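The structure appears right after this line, and notes come after that.
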Amino acid sequence: MIEWREGLAIDHGGLDRDHRDQHELIRRFIETPATDDGLPLAVRLLRLLHRVSERHFIREERVQAAVDYPGRAEHRMQHRRLLEMLDDITGQMDQTSSLFDFAYRKAHANGLLEFWFFDHFARADVGLRRYMARLSLSQPPAGHIVNAAETMHQPQGRASGRSS
Ligand SMILES: [Fe+2]
Ligand SMILES: [Fe+2]
């Protein structure tokens, strides 16, 4: 599992908290045993990751709109594809009629989640940070950027809460 590192930080605020929540949910999913006992938790974690990601993508897209980020249409498409991938993976988890057993499906899901989310963090999201740094907006962010990033933050929805 790829560890979170400071080089992935975007705004030292709401967006980074979301990213850490996403990272933690993916870590917990990967660590969930690929046994029948692990199946309900695996599905709950995927659904929670979907909720956290959906809220985060809206927040991140608001920041991009606020700074008029030139790559935002493509970035938005990537967010939509990540949510579709999550829906697909969730649907495959409890497919009892599948030719492949749960252990195989879960191993496949582990790899997809880790690769696609971290590819997005490390390339697309870090591109936003570089753009904001060039605008001299990242240290500290201007008020309207902070507002765009903080508007939707709801601590009760954080991944650190064990309930889902
Ligand atoms: Fe993003
Ligand atoms: Fe992001």
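The values are calculated or read from the model by the stated rules, or taken from the named source; none is laboratory data. Note that the coordinates shown come from a computational prediction; the quantities given were computed from them, not determined experimentally. Using ideal geometry, Cβ is built from the backbone for each residue, glycine included, and neighbour counts are taken over all protein chains shown.
Key figures for this structure:
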read-out: Qualifying residue in the range 51-67 (condition: in a helix (DSSP H, G or I) and more than 15 Å from ligand 1 (Cβ to nearest atom)); value: yes
read-out: Residues of the range 68-89 satisfying the condition of being assigned to a helix (DSSP H, G or I) and within 12 Å of ligand 1 (Cβ to nearest atom); value: Arg72, Glu74, His75, Arg76, Met77, Gln78, His79, Arg80, Arg81, Leu82, Leu83
read-out: Residues satisfying the stated conditions in the range 104-129, i.e. surrounded by fewer than 18 Cβ atoms within 10 Å (Cβ to Cβ) and either among the aliphatic types (A, V, I, L, M) or more than 14 Å from ligand 2 (Cβ to nearest atom) (or both); value: Tyr104, Ala107, His108, Gly111, Leu112, Glu114, Phe115, Ala122, Ala124, Val126
read-out: Criterion: at pLDDT below 90, farther than 17 Å from Ala9 by Cβ and in a helix (DSSP H, G or I) - qualifying residue of His108, His144; value: His144
read-out: Every pair of residues 6+ apart whose Cβ atoms lie under 7 Å, when the first sits in the range 56-78 and is of a type in the set (Ser, Thr, Tyr) while the second is more than 8 Å from ligand 1 (Cβ to nearest atom); value: Tyr69/Tyr131
read-out: Breaking point among (1) away from ligand 2 (no atom under 16 Å from the Cβ); (2) more than 15 Å from the chain's Cα centre (by Cα), for Ile89; value: (2)
read-out: Test: residue in the range 10-33 that is more than 23 Å from Ala133 (Cβ to Cβ), away from ligand 2 (no atom under 16 Å from the Cβ) and not in a helix (DSSP H, G or I); value: yes
read-out: Any hit, the range 125-138, residues being modelled with pLDDT under 90, more than 17 Å from Leu45 (Cβ to Cβ) and polar (S, T, N, Q); value: yes
